1. For region 51-98, which residues satisfy the criterion of being over 25 Å from the mean Cα position of the chain (by Cα) and without any contact (Cβ under 8 Å) to a residue 40 or more places away in the chain?
2. Go through region 1-86 and tell me which strands (runs of 3 or more DSSP E), entirely inside it, have 1 or more residues that are under 20 Å from Val118 (Cα atoms).
3. Go through (1) out of contact with any Leu (no Cβ under 8 Å at 6 or more places or on another chain); (2) polar (S, T, N, Q); (3) more than 22 Å from Leu193 (Cα to Cα) for Ser303 and report which single condition fails.
4. Sort out which residues of region 21-51 are of a type in the set (A, V, I, L, M, F, W, C) and under 17 Å from Ile93 (Cα atoms), and write them in order of number.
5. I'd like the full set of residues that are assigned to a loop (DSSP other than H, G, I, E, B) and under 24 Å from Ala334 (Cβ atoms), limited to region 155-165.
6. Checking Thr314 against (1) out of contact with any Pro (no Cβ under 6 Å at 6 or more places or on another chain); (2) modelled with pLDDT of 95 or more; (3) not in a loop (DSSP other than H, G, I, E, B), only one condition comes out false. Which one?
7. Can you tell me how many residues within region 23-49 are exposed (fewer than 14 other Cβ atoms within 10 Å of the Cβ) and touching a strand residue (DSSP E or B) at 6+ places or on another chain (Cβ under 8 Å)?
8. Take Pro312 and decide whether it is buried (at least 17 other Cβ atoms within 10 Å of the Cβ) and outside the structural domain of Leu189 (by TED's automatic domain parsing).
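The values are calculated or read from the model by the stated rules, or taken from the named source; none is laboratory data. Predicted, not measured: the structure shown is a model, and the values here were computed from it. Here the Cβ positions follow ideal geometry from the backbone for every residue, glycine too, while neighbour counts run over all protein chains shown.
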Amino acid sequence: MKLFNVGIAGYGWAAGAHIAAINAGPLGQVTAVCSARKLDARELSAKHGSPIQTYADFATLLRDPQLHAVSICGYHDAHPAQAIAAARAGKHIILEKPMALNWSDVRQIEREVKAAGVQLCLCFELRFSSQFRAIKSLLDRGLLGELHYGEIDYYHGIGPWYRQYEWCASKAACGSSLLAAGCHALDALLLCLPGEVAEVFSYGSRSSSPSFKRYEYPSTTVTVLKFKDGKAAKCASVIDCLQPYYFHTHLVGSEGSLLDNKFHSNLVDGLEKHRWSQLSYQPVDSGEVSDHPYLTQFNAFFSALETGQPMPLTGLAEAVRTHAVIFAAEQSLATGRPVKLEELHA
């Protein structure tokens, strides 16, 4: 028998990937699903290979004494209320990105999770991808030296061919290009460039293609980051492009550089300076949630629960840090001026 029973809130695209990953691991199993849609428990159990109880009301699901954790996979605007309710019910939390659509709600989630003493795992799962595990290993070994510049960009056309476009185009429901999807790139950038961000400046634009006309906000944004120690960085979030999915990664350091799956380092003897060397990782090259490394991330989450250790890489502290930069960028985009991170705490 597995140690941790998990309830799923919302039964859509992300939920299917969460259920498969949780059930595939050694410690967790999905035993309940809550959805506004009417679901048949027998059909759901047969589909996912384990007994699943269905609920139509989230508060009722939280009263299930057999549940140790909940995975919140519903619409973005519902995340804060559900995360806060879960914390108050003493349930550990897996929370899909973004945490919330405003900074005030992020801070409220942070307070409630800390007060309840539960663990939170935020689904910035690309930190657990083969690509960023390999890149972080390269950085941790000092092969690029001290980084002074980085850019990680998200290119993924989210148009009518995606079901999420129906609600993602709404500012009230989805917020912005960064909150919709580009936050994955910004979070990866912050993984690779440690240190405190001092200030950000964001610009926005939008495609004239009819495919993206329903967006109520700039569907392309570019954010420039200034770090307190002098580093500079850039993150573009482009969800109105007509091209293959591309997670552009370029890091520049005192001893070498990395460009996507290629690198050069002065610290590796014998490398030719006019040619790139290649890393053989599985790249982040798809927006399909079934391709995301949830299994690795959720295994780390349940292992942390079992051992009483903090969630590595995508715990509460990392989630709040990334969202602080996101909402400073949102404020810059709205006001047309640079925004210091300290302004969020004023």
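1. Passing the criteria: Pro51, Ile52, Gln53, Thr54, Ala56, Asp57, Ala59, Thr60, Arg63, Pro65.
2. 4-9, 28-34, 69-72
3. Result: Ser303 fails condition (1) only.
4. Ala21, Ile22, Leu27, Val30, Ala32, Val33, Cys34, listed by residue number.
5. Result: His156, Ile158, Gln164.
6. Condition not satisfied by Thr314: (3).
7. Adding up the residues that qualify gives 1.
8. No; evaluated as a whole, the condition is false for this residue.
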